[in-house]
Amino acid sequence: MRTADLFDTSLADALRGSGLTVLPRFALSFEQGLLEEVGRVAREAPFRHMMTPGGQPMSVAMTNCGTAGWVTDRSGYRYEPLDPQSARPWPTMPHAFASLAGQAAARAGFGTFEPDACLINCYVPGARMSLHQDRDERDFGEPIVSVSLGLTATFLWGGARRADRPLRIPLSHGDVVVWGGPGRLMFHGVAPLPDGWHERLGRRRINLTLRRAL
Ligand code: MD3
Ligand code: FE
């Protein structure tokens, strides 16, 4: 069913050449290690609802690992080497994260990919991410690898302009997506997470985004 959605010919046609490669269930064999490492990172740097520059708390709770972490507050969006909440460096990037990202990027046809930052997003039912571009990284030539865990979300894949009507792509537990080339600066977001229950993660969706930030 889910696979049928992903490989629905019209969706597949629409995605061709857009710089997006979906690797269904690619992370499943890494599941146990990934979940243990997410737990370790979250003990050192707890999930928190960051403030948008406009002063609203985000519905998605976030933390980071690696040499830089993505943050937002009243002064804007940026990467920071220290967790502002503890004033200590973010937890180190687990080898399992970097290794999975490198293998996924290679499978999608990119060369060597060595991420230095991983943003970890935690969604509960109702949490969403409105359409945005990712422009805080130094080199837009580097791909981004995302790993979805837990409840299935509807990813919104827009165009070059915010007003372009987005495609809806279901992303389920273990799905990995590599975004690069022409897709790197597209508008994208996540529809409000529907209620549900996942056997490993319960009422949550966790998304890892692995990036070369610096
Ligand atoms: C497409 N996160 O953290 S991951 C984000 O599911 C973000 O939590 C979403 O958008 C999530 O910025 C989507 C997939 C993703 C990440 C970066 C992209 C897709 C992207 C950058 C450019 C184009
Ligand atoms: Fe994004």
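Any read-out appearing in this document is the output of simple, stated calculations on the displayed coordinates, not a laboratory observation. Owing to the predicted nature of the structure, the values given are computational and were not obtained by experimental measurement. Note that we place each Cβ from the backbone using ideal geometry, even for glycine, and neighbour counts take in every protein chain shown.
Quick one: plug the Kirkwood hydrodynamic radius of region 69-193 (C-alpha pairs) into Stokes-Einstein at 10 °C, 1.306 mPa s, and report D in µm²/s.
Rounded, D is 100 µm²/s.
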So how long is each side of the chain along the principal axes, counting just the alpha-carbon atoms, biggest first, in Å?
49, 37, 36
Net charge (Lys, Arg +1; Asp, Glu -1) of residues whose beta-carbon lies under 12 Å from that of VAL60, VAL60 excluded, is +4
Please identify every one of the trypsin sites (Lys or Arg not before Pro) in region 158-204 that sits in a loop by DSSP and has no more than 13 other beta carbons within 10 Å of its own beta carbon.
ARG161, ARG162, ARG200
Rounded to the nearest 500, what is the chain's calculated 222 nm mean residue ellipticity when only DSSP H runs of at least 4 contribute -39500 (n - 2.57) each, over all residues?
-5500 deg cm²/dmol
Name the most mobile residue of ASP116, ASP175, ASP195, meaning the one with the largest mean-square fluctuation, in a Gaussian network model of the chain with Cα contacts below 10 Å.
ASP195
Tell me, what HN-Hα J-couplings in whole Hz come from the Karplus equation 6.51 cos²θ - 1.76 cosθ + 1.60 at θ = phi - 60° for each residue of region 52-57, using x for Gly and Pro?
6, x, x, x, 9, x
Can you give me the long-range amide H partners of TRP90? Hydrogens built in the peptide plane at 1.01 Å from N, cutoff under 5 Å, separation of 5 or more residues or another chain.
ASP83
Which residue, PRO143, HIS173, GLY76, has the largest displacement toward the positive end of the dipole of the chain when charges sit on each Cβ (Lys, Arg +1; Asp, Glu -1)?
GLY76
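When the dipole is taken about the Cα centre of the chain, and only Lys, Arg (+1) and Asp, Glu (-1) are charged at their Cβ, what size is it in debye, to the nearest 20? Don't jump to the answer; show the numbers that get you there.
Values: 24 positive and 21 negative charges, 81 e Å.
Charge dipole of the chain: 380 debye, to the nearest 20.
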Rank GLY126, GLY180, GLY158 by mean-square fluctuation in a GNM of the chain with C-alpha springs under 10 angstrom and give only the top-ranked residue.
GLY126
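Could you give the C-alpha radius of gyration of region 14-129 expressed as a fraction of 2.2 N^0.38 Å, taking N as the number of residues it contains?
1.16
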HN-Hα J couplings of region 163-176 from phi, Karplus 6.51/-1.76/1.60, θ = phi - 60°, integer Hz, Gly and Pro as x?
6, 4, 5, x, 6, 10, 10, x, 10, 10, 3, x, 6, 10
For region 131-145, in residue order, the Karplus 3J(HN,Hα) values (coefficients 6.51, -1.76, 1.60; θ = phi - 60°; whole Hz; Gly and Pro = x) are 4, 7, 10, 9, 10, 9, 8, 6, 10, 6, x, 7, x, 10, 10
Once the other residues with Cβ under 15 Å from the Cβ of LEU214 are scored (Lys, Arg +1; Asp, Glu -1), what is the net sum?
-3
